[in-house]
Amino acid sequence: MEKGENIKFELQETIKESRMSIVIFSKGYAFSSWCLDELAMILQHRTSFRGHHVLPIFYDVDPSHVRRQMGSFKEAFESYEEGEREKGWKSRVEGWKAALREAADLAGMDLHNDANGREGKFIRKIVEEVREKLDSRVLSMPVYSIGIDSRAESIISWLNDGSRDVGMLAICGMGGLGKTTIAKFVYNNHIQSMFQESSFLADIAKQNDLTILQTQLLSDIKARRERVNNVDEGIVKIQNALKCKSVLLVLDDVGTRAHLEAMVGNCDWLHIGSKIIITTRNKQVIRAHKSCVAYELQILNPEESLELFSWHAFGQNKPEDHFKEISEKLVNHFGGLPLAISIVGSSLSGSCLSIWEDTFKKLVEFPNRGIHEKLKISFDLLDDHDKELFLHVACFFLDYDEDYVVPILEGCGFHTNVGFQNLIDNCLLTIQNKSFGEEKKLEMHQLVQEMGREIVHQESFNDPGNRSRIWNNKDSLQILQEKSVSIYHYFYACL
């Protein structure tokens, strides 16, 4: 603090801005009314902002003496009680006693019990404890995070609505849209201010052994490692842990309902005020949770897309003049998908203009492998019926009216009602104006369509006659000239 500042005000502001308070109790601690006032402020802040950590350190003093005001603490309070009548300190003294009891009941560190009275060892253990509590929970973010504030605004409003109810929100959208980035942003900005504990479980869909995820969740909540032998045992342990504390729990990339059931059940396990945020490509996983709020993450607008691309390609917020036109072409091709913008922008950084132009021409014909594989995850999770249905739509039926398409596909043996809904739930298809009784166009993101067509293209890279579907004139003409097409292929080419 600088000289001349209001000490009490500055102290309050410092406590509010801090993520953790370390309170060192010594034999002379209680003789300082300033220390006792500060302790009361710290614990009041902890009550209001439950993410604030408080670590009591008992330096050569018994925790029971702090709790019950014995020994030197008794001596200090005898002197305060003598002055109560003179200074009107009665309520203040009672507040100090309550603060000492509360602090002594927290999990703290004792010089003699934790380090056998060895101060050097004790200091090292304190440093390790502080590092564990503060360093492990903040998550790394992309260097360039364009458009995050506006997209996170409604999620933050949901968290800050003042409700003490348990709540669940799902961030939904296609792969590469930035669901995980938004979830990290919200998590980092709220773990210290509202919740007693927090946990971020990443890449859940990639984890085959749910007990590993359950172990991490329990370790985050209980601050110690728990052994989990099987999923059912993990469910019971998580249930017992979550009902005691308010938590912020983020489940990233949830692929099935089984993931939710193993982590949070039907949410009745959770303590009041707890919040769950999940990210998913598949809206079916939240259908059983009627109170879950679905947040559809939107693509970047053209201005945000160009800015993000420019940061990756040029290290600045706009393109260099002689790259402006080709940058705009590339950004338009990516359709506001942050993953595609970041991958290609970074890959072109430092390249000459001719490389950029050739890259654009290549992307139009051959999708970038990294983007393709990320988008294809949703396709791979479909069953065979829905995979074939998706490929038909991607190759032939985009921008057609649903009423026109359905009879054709059902004539080919497809079950379009359930099939289309599954594609919609997996963020692979949208039906424009479906709820308004107008023309119901089948639509999908341009890169999702390219992903589908590339899957067909890879069936036979050099010979279109061996592919299951033909959709462009060049391939159709080649096949007919070579007379290499089967009746099956020709049927699809004519749809």
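Couple of notes before you dig in:
- Residue count for the range 14-65, restricted to those that are among the aromatic types (Phe, Trp, Tyr) and more than 23 Å from ASP114 (Cα to Cα): 3.
- Here LEU428 meets each of (1) at pLDDT 90 or above; (2) outside any loop (DSSP other than H, G, I, E, B) with one exception, condition (2).
- The set of residues from the range 167-212 being at pLDDT 90 or above, surrounded by 18 or more Cβ atoms within 10 Å (Cβ to Cβ), among the aliphatic types (A, V, I, L, M) and not in a helix (DSSP H, G or I) comprises MET168, LEU169, ALA170, ILE171, MET174, LEU177, LEU201.
- Helices (runs of 4 or more DSSP H) wholly inside the range 65-131 that include at least 2 residues being open to solvent by less than 30 Å² (accessible area, probe 1.4 Å), in contact (Cβ under 8 Å) with a residue 40 or more places away in the chain and within 22 Å of GLU38 (Cα to Cα): 72-82, 90-105
- Cross-chain or 6+ apart pairs with Cβ under 7 Å, the range 212-234 first and among the small types (Gly, Ala, Ser), then assigned to a helix (DSSP H, G or I) and open to solvent by less than 60 Å² (accessible area, probe 1.4 Å): GLY234/THR211; GLY234/GLN214; GLY234/ALA262
- For the range 272-306, a residue qualifies if it is more than 25 Å from ASN422 (Cα to Cα) and touching a strand residue (DSSP E or B) at 6+ places or on another chain (Cβ under 7 Å), and the qualifying residues are SER274, LYS275.
- Residues of the range 257-293 that are surrounded by fewer than 23 Cβ atoms within 10 Å (Cβ to Cβ) and in a strand (DSSP E or B): ILE276, VAL293.
- Per the listing LYS27, LYS3, the residue uniquely modelled with pLDDT under 90, among the basic types (Lys, Arg) and more than 41 Å from the chain's Cα centre (by Cα) is LYS3.
- In this structure, HIS312 does satisfy being open to solvent by 20 Å² or more (accessible area, probe 1.4 Å), within 17 Å of LEU177 (Cα to Cα) and in a helix (DSSP H, G or I).
- Residue under evaluation GLY175, criteria (1) touching a strand residue (DSSP E or B) at 6+ places or on another chain (Cβ under 9 Å); (2) within 30 Å of THR430 (Cα to Cα), criterion not met: (1)
- Only one entry in SER219, SER150, SER154 is open to solvent by less than 40 Å² (accessible area, probe 1.4 Å) and among the hydroxyl-bearing types (Ser, Thr, Tyr), namely SER219.
- All positions within the range 413-431 that are loosely packed, with under 14 Cβ neighbours inside 10 Å and hydrophobic (A, V, I, L, M, F, W, C): VAL418
- The lone criterion from (1) in contact with a Lys or Arg (Cβ under 9 Å, 6 or more places away or on another chain); (2) modelled with pLDDT of 90 or more; (3) within 27 Å of GLN196 (Cα to Cα); (4) not acidic (Asp, Glu) left unmet by ARG19 is number (2).
- Checking each residue in the range 402-417 for being touching a His at 6+ places or on another chain (Cβ under 8 Å) and in contact (Cβ under 8 Å) with a residue 24 or more places away in the chain picks out PHE414, HIS415.
- Filter result for LYS441 (farther than 26 Å from ASN368 by Cα and open to solvent by 30 Å² or more (accessible area, probe 1.4 Å)): yes
The values are calculated or read from the model by the stated rules, or taken from the named source; none is laboratory data. What you see is a predicted model; the values in this text were computed from it and never measured. Using ideal geometry, Cβ is built from the backbone for each residue, glycine included, and neighbour counts are taken over all protein chains shown. Ligands, DNA and RNA are stripped out before the accessible areas are found, and what is left, the full protein with its side chains, is counted by its heavy atoms. Shrake-Rupley method; radii C 1.70, N 1.55, O 1.52, S 1.80 Å.
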